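The values are calculated or read from the model by the stated rules, or taken from the named source; none is laboratory data. Small disclaimer: the values here were computed from a predicted structure and weren't measured. Here the Cβ positions follow ideal geometry from the backbone for every residue, glycine too, while neighbour counts run over all protein chains shown. Keep in mind that these areas ignore ligands, DNA and RNA; they rest on the heavy atoms of the full protein, side chains included. Shrake-Rupley method; radii C 1.70, N 1.55, O 1.52, S 1.80 Å.
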Amino acid sequence: MGIILWAGYYAFDRDMKKVCKHYSEMGVKGFKIDFMDRDDQPMVDFHYRAARTAAQYKLLVDFHGTYKPTGLNRTYPNVINYEAVNGLEQMKWTGPEMDMVTYDVTMPFIRMVAGPVDYTQGAMRNATKRTHRGINDEPMSQGTVAGSSPNL
């Protein structure tokens, strides 16, 4: 048990070594790094550098807002999972055409073939498929009222 900090990749990348050293000395257990949103070579390089640097400071890494797993956790077992899936936060931009409940019960059998997943399966404002609307300033979801669950 311990604290894992959320961080945007750009801020984390500016001085990764200093950030990891500072927070590991404070007792933080790792980082949930977000907003990579692409899989080009510079971003793949970032993933490797982040995993390697975090491992040096005995910190775990949860890559959120990223591409599907590619085996990086075999080299760096401190990488516990990747999001690489439409989390419920995506509901902010969709209308009632999205059947999130069906997605919730089928996604694990499709996406998790590639590896573990960090999936946000609920929100504080709940709706049915019939009543759901994509509203940015008052986001809602279909399904359950719940928080984030690493390693679904």
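For the range 9-65, a tally of residues being among the acidic types (D, E) and either in contact with a Pro (Cβ under 7 Å, 6 or more places away or on another chain) or on the phi > 0 side of the Ramachandran plot (or both) returns 2.
Per the conditions (1) open to solvent by 20 Å² or more (accessible area, probe 1.4 Å); (2) out of contact with any strand residue (DSSP E or B) (no Cβ under 6 Å at 6 or more places or on another chain); (3) assigned to a helix (DSSP H, G or I); (4) more than 28 Å from K18 (Cα to Cα), the sole criterion not satisfied by I135 is (3).
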